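Student: Mind having a look at this structure? Questions to follow.
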Amino acid sequence: LSTAPVAAIAPTNRDFRAIEQRIGGLVGELDNAVWRAEQTTSDLFVAQQGMARKLLLLVLGGLILVALTIVLPTARRIRREHQFALEQNRESEQRYGTLVASLAEGVVLQLADGTIQACNASAERILGLSADQLMGRTSVDPRWRALRGDGSDFPGSEHPAMRVLRSGEPLANVTMGIRKPDGSLTWLAVNAQPLTRPAESAPYAVVTSFFDITEQRRIANELRYQKTLLECLSEAAPDGILVVSPDRRWLYVNERFAQMWHLSDAVLAAANSAVGLPAVLAMVQEPEQVRAGIEALYRTPDASGSAQLRTYDGRSFEYFSAPVRGGDGSNYGRVWFYRDITDREAVDRAKRDFVSMVSHELRTPLTSISGALSIVASGTVGAIPQRAQHMVDIAAKNSQRLIRLINDVLDSEKIGSEVMSFALQPVEVVPLVVQALEEQHAYAASLGVSMVFEPQLDQLWVEADSDRLLQVLTNLLSNALKFSPPGGLVRLALNAERGMARITVSDKGPGIPLEFQPRLFEKFAQADSSDRRRKGGTGLGLNITRAIVERLGGQISYATSSSGTSFFVDLPLVVAPPPARLRVVAMPQQVLICEDDPAIAELMQRIADNAGFRTTVVNSAAQLRHKVALQRFDCLLLDLNLPDGSGEALIAELRANQRTEQLPIVVVSARATAAQVQLPAVPGVLWIEKPFLADHLLSAVNQGTRPQILHVEDDADIVRITASVLSEVADLRASGSIAAARAMLRSTHLDAILLDLTLPDGSGYELLADIRVLANPPPVVVFSVEDQSAVLPEGVTALLVKSRTSNQQLLRIIADVLVMGRQPPGSLGNKPIKVFTGPRCISYPNNITACSL
C-alpha cells in the first residue's frame with residue numbers, strides 16, 4: 001500500500017549546515033569587532049596592539065574549540081539517530097506494505113473525495129482490475145455495476161466507503177456484488193474504516209477491506225435450497241418426523257408428527273424431550289415399556305432401532321430411529337420416524353382372513369378328495385378295474401397338484417407375513433436327501449429322467465427344520481426334473497467345505513435365459529418362452545426355497561449355461577448329537593377325533609386305525625365335552641370350525657378343566673397357522689394345516705403324546721445325566737423336594753415317576769400316598785443309592801439302585817415301564833414288576849431282565 005512520506009522525527013543534514021553557518025557568522029562578527037577596536041582605540045593601546053590581538057584570537061580560538069568540542073559530537077549523534085529513524089521508517093513501511101500485499105483480503109485506500117489512492121494485489125485479483133485501472137476511480141463510477149445482496153442496484157453514493165466518508169462511522173459486513181470486466185459477478189463482504197487527523201472530525205481518507213464470498217454465498221444458497229427441499233419433503237411425508245439434539249432439544253418437528261400426537265403449542269414451544277416425551281407417552285399403551293425402548297436408544301448413540309406401539313384411541317404406530325452423523329463422524333443427535341400403520345394392519349387382517357377363508361374352503365374338500373383317492377388307489381377298500389385304476393391315478397395326481405399349488409400360495413403368504421414357524425434342531429442331511437429322492441421317484445419315472453445321489457460324506461448335520469429342509473430339496477429336485485429332457489440325468493451331490501454343508505442339484509436342461517435371471521427368485525416369476533409355459537407351476541417354488549434357506553441361516557446360489565443348471569444350498573454345519581441307543585414309541589391307546597366334515601373325519605379315523613390307535617369320532621363341541629367327561633383319551637385331533645362353537649374357545653375350555661388340562665391336542669384345520677399366530681402360546685397343542693399327509697398326522701400325534709416323567713431328585717448332576725439318558729423316550733421334569741413334587745403332581749399330567757428316597761424335606765416314600773389318590777396314578781420307579789428290600793412297597797413298580805444300574809439298563813427299564821403305563825387298568829402289563837431275591841436281578845414284562853453285577 002503506497003502512502004505519503006512520514007515526517008522526520010530527528011535533525012537532518014540541513015540542521016548541520018545551519019550550525020556551521022552560525023559558527024562562521026560568529027567568527028565574522030568577532031573579526032569586525034576587532035577591526036573597530038583597532039580604529040577607535042587610543043594610542044595607549046597601540047603598543048599593546050599586537051599582544052591584545054593575539055590574546056583575543058587565542059580566546060576566540062578557545063571558544064571555537066570548546067564550541068566544536070560540544071556541538072560536533074551532538075550533531076553527529078543527532079545525525080546517527082536521524083539515520084536510524086529513517087531506516088526504521090523504511091523497514092516499517094516495508095513490513096506493513098508486505099503485510100497488506102500478502103493479505104487474501106482486498107484493501108483499498110480512498111481519499112476524502114472518494115478517489116482510490118492505493119490498493120493491494122488481492123484487491124486487483126478480487127475486483128478483476130489492475131492497480132492502474134483502479135487508481136483515480138471513485139465509487140460513483142458507473143463501471144462498477146454494483147448490486148445489493150438482494151440483487152437490486154447498489155448506487156455508488158451508497159457504497160460503504162462513501163457512507164463512511166459522510167458519517168465518519170465504520171461499517172462492517174456489507175454484502176455487495178461487483179460485475180467484473182469479463183461479466184462475471186463476484187460477491188463481497190465489505191468493511192470500511194475512516195482515517196482522521198487529531199483535532200479533526202471529518203475523515204481525510206477511508207480504508208476499505210473486502211472478502212470474496214461468492215463461493216460461500218453459493219454454498220449458503222445451496223444449503224437454503226436443500227433445507228427448503230428437505231422441509232418440503234418432510235412436510236409432505238406420511239411419517240411424523242422428529243430430530244433431537246444430543247442434549248434432547250427438539251431441533252425439528254414436522255406438521256405430521258405434531259398432528260399424530262396432538263401436540264399443543266406449549267409443547268412445541270418448549271421444544272425439548274423433558275416436555276414432549278411425557279406428552280407422547282400419555283397417549284400410548286404400556287408407556288413404561290415404550291419409554292424403556294426409547295431410553296435404550298438414547299443410551300447407545302450409534303444404535304438404530306424400530307418398534308411398534310399402540311395408542312389408547314386404537315391407533316397403531318411403528319417407529320424407526322437412527323443417529324444423525326456429520327461427515328467427520330460428529331454426533332448431531334437422533335432422528336425419529338413415526339408411521340401410522342392402523343390402516344395397513346386392517347388391510348393385513350382382511351387379507352389374512354380372506355386367505356384363511358379361501359384356504360379352508362379349498363383345503364377341506366381337497367383333503368377329502370385326495371384322501372379318498374389315495375385309499376381307493378391303494379386297494380384298501382377293494383380291488384378296482386384296470387381302466388378305473390388309471391382314472392383314479394389321474395385324479396389323485398391332479399388333486400396333489402392342486403394341493404401343491406394351494407400350499408405354495410399359502411407358504412408364500414406365510415413367509416411374507418413372517419408367520420411361518422420353524423422347529424430348529426440338529427438334522428442329518430443324508431437321510432433327508434434320500435427321502436426327497438424317494439418322494440420324487442414316481443415323478444422322475446413319469447418324465448423318463450434318472451436321478452443319482454453322490455454324497456462325499458456319509459454324515460452331515462445341520463441345524464434346520466426337517467420338514468422345511470425337505471421342502472427345499474423337493475422344490476429343487478422337482479424343478480430340475482421338470483426342465484430335464486427325456487432320458488436326462490439329475491445329479492444331487494453333498495459335500496462340506498469351510499464349515500458349511502453344500503447341497504448341489506444339477507440338471508441337463510436348456511439353462512436359465514439371461515434376461516430372466518434377475519427375476520429368478522421373485523414371486524410368480526416364470527421364463528416367458530412358450531416351452532417353459534408348458535412346464536406349468538406357480539412360479540413360487542424358488543421364491544419359497546430362498547426364503548426358507550435364508551431363515552435357516554444359509555444361502556442359495558446357482559450356475560447356469562446352455563447345457564444345464566446347478567443350484568447350490570449352503571447351510572452351517574453343526575456337531576452331530578449323541579447316537580440314539582433305543583427308540584421306543586409309546587402309542588396312545590385312545591384318540592378322540594372332533595371333525596364336522598364326515599369325509600375328513602373318516603379319513604383321519606382310517607389313518608389312526610391303520611396305525612394301531614383306538615379312535616372315537618365326534619362332530620361337535622357338545623359331543624366332545626360329553627366324551628371327555630366319561631372317558632380318558634390320550635390324544636385329541638381337533639378341527640377349529642365346529643357347528644356349535646369355535647375350536648379356539650374349546651381349547652381354552654379344555655385347558656381350564658382339571659381332567660383335560662394335560663390332554664395332548666393336535667389342531668387339524670385349514671386355518672391352523674393363522675390361529676396359531678393369533679392365540680397365545682398354549683402348552684401341549686400342535687398345529688397341522690389341511691390338507692395333510694398321513695405321516696405328518698401320525699408324527700404329530702406321537703409328538704403330542706411324548707411321555708412326561710417326573711424325576712424327584714435333589715442332585716442336579718444326576719438330573720442332567722438322567723435327562724440325557726432318557727431323552728430318546730421321554731421328557732423329564734425335575735423336582736428337588738417333596739413339596740415341589742406335590743405341586744407338580746397336582747398340575748401336570750405324568751406318565752411315570754422316577755423317585756429318589758433321600759430328599760431335603762423327607763423320604764421319597766412320603767409321596768406314594770399323594771400318588772395313589774390321583775385319578776390315573778402313573779407307575780413309580782424308585783431310583784436311589786439305598787439298597788432296598790426285594791419286597792416292593794405298594795404303589796412302586798420297580799426298585800433300582802443307582803450304583804448298580806447302567807445307563808442302558810435304565811433306558812430299557814423306563815421304556816418298558818412307559819409302555820406298561822399305557823396299558824388299560826387290570827391288564828397283565830399293568831401289574832407290578834417282580835424282583836427276585838438272590839442275585840440283584842429285576843424282571844420286567846415282555847421278557848426283559850436287568851441284573852446288577
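Student: I want the local charge near PHE257. Using Cβ-Cβ distances under 12 Å, sum +1 for each Lys or Arg and -1 for each Asp or Glu among the other residues.
Tutor: So the surrounding residues net to -2.
Student: Using only Cα atoms, locate the centre of segment 250-306 and the centre of segment 596-618, then give the distance between them in Å, rounded to an integer.
Tutor: 57 Å
Student: Express the C-alpha Rg of segment 103-219 as a ratio against the empirical globular expectation 2.2 N^0.38 Å, rounded to two decimals.
Tutor: Normalised Cα radius of gyration, segment 103-219: 1.01.
Student: Now a separate question. From the phi angles alone, apply the Karplus equation (6.51, -1.76, 1.60; θ = phi - 60°) to segment 304-321 and give each ³J(HN,Hα) in whole Hz, x where the residue is Gly or Pro.
Tutor: 10, x, 8, 6, 10, 8, 10, 8, 5, 8, x, 7, 10, 10, 10, 10, 9, 9
Student: I've got another one for you. Based on Cβ point charges of +1 for Lys and Arg and -1 for Asp and Glu, what charge dipole magnitude is obtained for segment 426-572 about its Cα centre, in debye rounded to the nearest 20?
Tutor: Here segment 426-572 has a charge dipole of around 560 debye.
Student: What ranking of ARG502, ARG248 emerges when the number of other C-beta atoms within 10 Å of each C-beta is taken as an exposure proxy, fewest first?
Tutor: Fewest-to-most Cβ neighbours within 10 Å comes out as ARG248, ARG502.
Student: Could you put VAL433, VAL668 in order, starting from the residue whose Cβ has the fewest other Cβ atoms within 10 Å?
Tutor: Listing VAL433, VAL668 from fewest to most nearby Cβ atoms yields VAL433, VAL668.
Student: Please report the net charge: other residues with Cβ closer than 13 Å to the Cβ of THR228, K and R +1, D and E -1.
Tutor: Once all neighbours under 13 Å are counted, the net charge is -1.
Student: Using modelled backbone amide H atoms (1.01 Å from N, in-plane), which distant-in-sequence or interchain residues come within less than 5 Å of VAL490's amide H?
Tutor: For VAL490, whose amide H was placed from the backbone, the distant partners under 5 Å are SER450, MET451, VAL452.
Student: Right, something else. Would you pull out the residues with amide H under 5 Å of LEU642's amide H, same chain only if 5 or more places away, H placed 1.01 Å from N?
Tutor: Those lying under 5 Å, H to H, from LEU642 are GLY647.
Student: Amide H neighbours of TRP687 under 5 Å, at least 5 residues apart or on other chains, H built in the peptide plane: list them.
Tutor: Those qualifying (amide H under 5 Å, at least 5 residues apart or on another chain) are VAL667.
Student: While we're on this one: Would you list TYR443, TYR204 from fewest to most Cβ contacts within 10 Å?
Tutor: Fewest to most other Cβ atoms nearby, the residues stand as TYR204, TYR443.
Student: What's the center-to-center distance, using Cα atoms, between segment 647-712 and segment 462-480 in Å?
Tutor: The two parts, judged by their Cα centres, are 25 Å apart.
Student: Could you list, in their original order, any pairs among LYS351/LYS523; LYS180/LYS227; LYS523/LYS690 whose Cα atoms are separated by more than 20 Å?
Tutor: In this structure, LYS180/LYS227; LYS523/LYS690 lie more than 20 Å apart at Cα.
Student: From the phi of every residue in segment 111-126, what ³J(HN,Hα) in whole Hz does the Karplus formula 6.51 cos²θ - 1.76 cosθ + 1.60 yield, where θ is phi - 60° and glycine or proline is x?
Tutor: So the Karplus estimates, Gly and Pro as x, are 7, 4, 8, x, 6, 6, 9, 7, 7, 9, 5, 5, 5, 4, 5, 5 Hz.
A short reminder: the numbers here are calculations on the coordinates, not readings from a lab. Please read all numbers here as calculations on a predicted model, not as lab measurements. Here Cβ is always computed from backbone atoms with ideal geometry, including for glycine, and neighbour counts include all displayed protein chains.
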